[in-house]
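> Before I ask anything, let me first share the structure, which is written out below as structure tokens.
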Amino acid sequence: MQIIDAQVHAYERNYPGRPWVAHLHGPAEVTGDEMVAAMDAAGVDGAILVSPYSLYRYDASYALEVAAAHPGRFGLVKPVDVTSPGAEQRLAGTIAAWAAIPAAVAIRIMLFAGVSEDDDDPAINRALAEAGRHGLPVNIVCFGRARQAAALAARHPDTVMVIDHLGLPQPFGPPVPANGWLDIESILALAKCRNMRVKISGAGTLSRRPYPFADIWEHLARYFDAFGMERCMWGTDWTRAVEFLSYREGVDAFRLNERLSEGDREALMGGTLAKVYRWAPGQTGRG
């Protein structure tokens, strides 16, 4: 089977030519070449490369360079601006231009502090509508915003929405929070929205046990039951997880897990992703 990671990041060391906006927890740099080397060593065929918001905000230029240097290894996701003055008016052009890029597979909206909680927010709704019109899924960070995510999904039933990182806040470094699964019920309720998908990404960072993270599986089973494997996508969220596990551990915890049937593993670790994003390793554009 092809193994496809639903979320990785690549970035250069901070330098004046492409300065960081803020700090991203992880190594000082993980270049595209280094990310590909890690994938090769772990037997991962391809990945969804998410331009890191913390470092580059809405500038996906480095992700584009990585995809060009490694054709067919990455599908690309770009965060879009729904907060600045005039954002609504710019979104149609921004999303159309992104959709025209062969390696682009989705956009990302960050529903967190500073972003409107209003279901009627014109910029957020414009982004969802334009993405749907171009056939682009929308990855959403919705920690503590499940109610808003459900309302937006109902307003845009033809736009596929992908919940990032189990819909749960995850730590950037030890210790693992004691109540990391506290909000799971509100996220599982989103399974009623038929246009919702969920990334089973970064799960190892919520484990209080060492590899292979035996204590996460009873929680993950609830996601699998609620959404079905046809709506779940495994991912590592590399590089944010480096203080908790190696990249290979993030892969093998799922690839070698006997709780998953062969069919479930094939869906979770690539099959569902290929359908959601219309992309698979070896493709230089969406199919």
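> Residues in the range 207-219 that are touching a residue at least 40 places away in the same chain (Cβ under 8 Å) and either among the aliphatic types (A, V, I, L, M) or buried (at least 16 other Cβ atoms within 10 Å of the Cβ) (or both): how many?
3
> Output yes when any residue across the range 90-104 is touching a strand residue (DSSP E or B) at 6+ places or on another chain (Cβ under 7 Å), buried (at least 16 other Cβ atoms within 10 Å of the Cβ) and either more than 25 Å from ALA280 (Cα to Cα) or modelled with pLDDT under 95 (or both), and no when none is.
Checked against the condition, which is being touching a strand residue (DSSP E or B) at 6+ places or on another chain (Cβ under 7 Å), buried (at least 16 other Cβ atoms within 10 Å of the Cβ) and either more than 25 Å from ALA280 (Cα to Cα) or modelled with pLDDT under 95 (or both), the range 90-104 yields no hits at all.
> Which of the residues that make up the range 197-238 are of a type in the set (Ser, Thr, Tyr) and under 12 Å from the mean Cα position of the chain (by Cα)?
Answer for the range 197-238, where residues must be of a type in the set (Ser, Thr, Tyr) and under 12 Å from the mean Cα position of the chain (by Cα): SER201, THR236.
> Evaluate the range 47-58: report whether one residue or more is out of contact with any Cys (no Cβ under 7 Å at 6 or more places or on another chain), loosely packed, with under 14 Cβ neighbours inside 10 Å and modelled with pLDDT of 95 or more.
Scanning the range 47-58 turns up no residue that is out of contact with any Cys (no Cβ under 7 Å at 6 or more places or on another chain), loosely packed, with under 14 Cβ neighbours inside 10 Å and modelled with pLDDT of 95 or more.
> Just to confirm my filter: which helices (runs of 4 or more DSSP H) fall fully inside the range 234-287 and include at least 1 residues that are farther than 16 Å from ALA106 by Cβ and either out of contact with any Cys (no Cβ under 9 Å at 6 or more places or on another chain) or in contact (Cβ under 8 Å) with a residue 24 or more places away in the chain (or both)?
The helices (runs of 4 or more DSSP H) meeting that bar are 247-255, 262-266.
> Does the range 195-202 contain at least one residue that is of a type outside the set (Ser, Thr, Tyr), within 20 Å of ALA106 (Cα to Cα) and assigned to a helix (DSSP H, G or I)?
Within the range 195-202 (the criterion being of a type outside the set (Ser, Thr, Tyr), within 20 Å of ALA106 (Cα to Cα) and assigned to a helix (DSSP H, G or I)), the answer is no, since none of the residues qualifies.
> Okay, next question. State the number of residues belonging to the range 82-135 that are free of Cβ contacts under 8 Å to residues at least 24 places away in the same chain and either part of a loop (DSSP other than H, G, I, E, B) or small (Gly, Ala, Ser) (or both).
Count: 9.
> For the range 45-65, which positions are part of a loop (DSSP other than H, G, I, E, B), charged (D, E, K, R) and touching a helix residue (DSSP H, G or I) at 6+ places or on another chain (Cβ under 9 Å)?
Across the range 45-65, the qualifying residue is only ASP45.
> Here is a further query. Mind listing just one residue for me: the one in the range 154-194 that is in a loop (DSSP other than H, G, I, E, B) and β-branched (Val, Ile, Thr) and, of those, farthest from GLU130 (Cα to Cα)?
Ranking the candidates gives VAL176 first.
> Within the range 138-153, restricting attention to residues that are assigned to a loop (DSSP other than H, G, I, E, B) and out of contact with any helix residue (DSSP H, G or I) (no Cβ under 6 Å at 6 or more places or on another chain), which residue is nearest to GLN170 (Cα to Cα)?
My answer is PHE143.
> Quick check on my filter: what residues within the range 130-143 are of a type outside the set (Val, Ile, Thr) and closer than 26 Å to SER201 by Cβ?
If the condition is that a residue be of a type outside the set (Val, Ile, Thr) and closer than 26 Å to SER201 by Cβ, then GLU130, ALA131, GLY132, HIS134, GLY135, LEU136, PRO137, ASN139, CYS142, PHE143 are the ones that fit.
> Hey, another quick one. Counting only residues that are surrounded by fewer than 18 Cβ atoms within 10 Å (Cβ to Cβ) and charged (D, E, K, R), which one in the range 1-44 is nearest to PRO171 (Cα to Cα)?
Once the filter is applied, the top-ranked residue is GLU29.
> Still on this structure, I have one more. Across the range 70-84, which residue is surrounded by the fewest Cβ atoms within 10 Å (Cβ to Cβ) among those that are under 16 Å from GLN283 (Cβ atoms) and in contact with a helix residue (DSSP H, G or I) (Cβ under 9 Å, 6 or more places away or on another chain)?
Among them, the one singled out is HIS70.
> Follow-up. Which members of the range 113-129 meet the condition of being of a type in the set (S, T, N, Q) and surrounded by fewer than 18 Cβ atoms within 10 Å (Cβ to Cβ)?
Scanning the range 113-129 gives a single hit, SER116.
The values are calculated or read from the model by the stated rules, or taken from the named source; none is laboratory data. It should be emphasised that the depicted structure is a prediction, and the values quoted were computed from it without experimental measurement. Here Cβ is always computed from backbone atoms with ideal geometry, including for glycine, and neighbour counts include all displayed protein chains.
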